[in-house]
Every structure is written in C-alpha cells, then in structure tokens.
There are 2 protein chains.
Amino acid sequence: DTILQGDVKRGSEISVVCGMCHGVNGISNIPIYPNLAGQKEQYLVLQLKAFRSGERVNIAMTSHAQKLTDQDIADLSAYYAQLDPKPQ
Amino acid sequence: DTILQGDVKRGSEISVVCGMCHGVNGISNIPIYPNLAGQKEQYLVLQLKAFRSGERVNIAMTSHAQKLTDQDIADLSAYYAQLDPKPQ
C-alpha cells in the first residue's frame with residue numbers, strides 16, 4: 001500500500017458524522033464505541049480499511065467505511081491521532 | 001450476556017503478555033497496535049470476545065483471546081479502561 005499523508009484539517013472537516021458516535025473530540029459518550037482521540041494513526045488507517053473491505057464487520061462502521069476513499073481514511077486517521085486523549 | 005464485574009488488580013496481574021504489544025501502561029509503542037489506556041471498558045470486553053469467537057480476526061489477538069475466560073476479559077478490560085490515556 002502507498003502511504004498517504006493525512007491532512008488533519010480536512011480530516012476534521014469530514015469527521016462530523018464520526019463524531020455522532022465517537023464524540024466531537026474523539027471521546028465517545030457511548031460505552032460500546034471506542035474513543036479515537038490520540039489513537040495510533042496507522043492503527044486507525046488499518047481498521048477503516050478493514051471495515052471497508054469487510055475484513056472487520058460492524059453494522060455501523062461497514063456502511064460508513066464503504067464511502068471513504070484512501071485519502072479520506074488517511075485524513076480522518078491523522079485528525080483523530082492528533083486529538084488530545086484526555087481533554088480538559 | 002451476564003455483566004461480570006472486572007477486578008482491576010487481577011487485570012493488571014494478567015496483563016503482562018498484553019503489554020508486550022500494547023505497552024506496559026497501555027500506550028502502544030507499535031504503530032499498528034492500538035493504545036488501550038483509558039479505552040471504554042465495554043468496548044474492550046466486546047472486542048476481546050469478538051477475537052475469542054472469531055468474529056474479529058487478527059493473527060496476534062486470536063490465539064491470545066482464545067485462552068481468556070469471561071472473567072479474564074472483564075478484569076483486563078477494567079484494568080485498561082482505568083489507565084491514564086496520557087501518562088506524564
């Protein structure tokens with residue numbers, strides 16, 4: 001796979017729908033959904049691609065991930081990785 | 001599913017093997033592996049059970065998870081959920 005450079009600003013812009021479950025700042029308010037803030041960027045890329053390909057299955061994530069391009073995935077992952085995992 | 005109460009102390013004791021990839025304090029040093037510190041307890045339980053059942057597949061996690069009892073999963077999840085996601 002080519003490693004795409006993630007654009008944090010664009011990631012933020014396209015993250016609105018993610019925030020509905022994973023929290024506006026990447027801290028989930030829903031116990032069954034993970035926090036994403038400060039998570040490893042490369043791990044996030046791999047999981048979004050796994051949801052998109054069907055390798056990892058989740059009723060909520062599958063349909064979202066299928067709409068994402070490789071660049072979207074890079075941008076979202078860069079955005080969430082740089083968020084503070086412990087916001088004040 | 002019955003909700004088991006997780007024992008943080010026991011979780012810590014049985015987390016040694018997890019720490020080899022996910023970091024001694026739940027902050028992974030390996031970009032493809034996720035941080036676990038401060039992650040949602042219920043999410044961790046669900047993922048460990050998904051690895052154990054084969055619903056979620058990962059070459060490293062599958063074999064580890066297959067050795068875990070429901071109580072092990074509850075204890076590990078309680079342990080990682082209460083770790084500081086941003087250690088000093």
Query raised in the report: Would it be correct to say that B:ALA50 is small (Gly, Ala, Ser), closer than 25 Å to A:CYS21 by Cα and more than 11 Å from the chain's Cα centre (by Cα)?
Result: yes
Query raised in the report: Any idea which residue in the stretch A:2-23 is modelled with the lowest pLDDT, counting only those that are over 12 Å from the mean Cα position of the chain (by Cα) and in a loop (DSSP other than H, G, I, E, B)?
Result: A:THR2
Report summary line: Flagged in the stretch B:49-84 as more than 20 Å from A:GLY54 (Cβ to Cβ) and open to solvent by 60 Å² or more (accessible area, probe 1.4 Å), in numbering order, are B:ARG52, B:HIS64, B:GLN66, B:LYS67, B:THR69, B:ASP70, B:GLN71, B:GLN82
Report summary line: When A:ALA60 is run through (1) modelled with pLDDT of 95 or more; (2) closer than 18 Å to B:GLN42 by Cα, the failure sits at (1)
Report summary line: Considering the stretch B:56-75, residues that are of a type in the set (Val, Ile, Thr) and not in a loop (DSSP other than H, G, I, E, B), and then whichever is farthest from the other protein chains (Cβ to nearest Cβ), we arrive at B:ILE73
Requested in this report: State yes or no: is B:LEU46 closer than 23 Å to A:GLY38 by Cβ, in a loop (DSSP other than H, G, I, E, B) and open to solvent by 20 Å² or more (accessible area, probe 1.4 Å)?
Outcome: no
Report summary line: How many residues of the stretch B:1-46 are more than 7 Å from chain A (Cβ to nearest Cβ), β-branched (Val, Ile, Thr) and closer than 30 Å to A:ILE59 by Cα? The answer is 5
**Report entry** Residue among A:ALA74, A:ALA81, A:ALA50 that alone is hydrophobic (A, V, I, L, M, F, W, C), more than 26 Å from B:ALA81 (Cα to Cα) and modelled with pLDDT of 95 or more
**Finding:** A:ALA74
Query raised in the report: Here is a list of conditions, (1) on the phi < 0 side of the Ramachandran plot; (2) assigned to a loop (DSSP other than H, G, I, E, B), and A:ALA78 meets all of them except one; can you say which number that is?
Result: (2)
**Report entry** Matching entry among B:PRO34, B:PRO87 (being in a loop (DSSP other than H, G, I, E, B), open to solvent by less than 70 Å² (accessible area, probe 1.4 Å) and either over 21 Å from A:LYS40 (Cα atoms) or touching a helix residue (DSSP H, G or I) at 6+ places or on another chain (Cβ under 8 Å) (or both))
**Finding:** B:PRO34
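The values are calculated or read from the model by the stated rules, or taken from the named source; none is laboratory data. Quantities reported herein were computed from a predicted structural model and do not represent experimental measurements. Glycine also receives a Cβ, built like all others from the backbone with ideal geometry; neighbour counts cover every protein chain displayed. Side chains included, ligands, DNA and RNA excluded: accessible areas come from the protein's heavy atoms. Shrake-Rupley method; radii C 1.70, N 1.55, O 1.52, S 1.80 Å.
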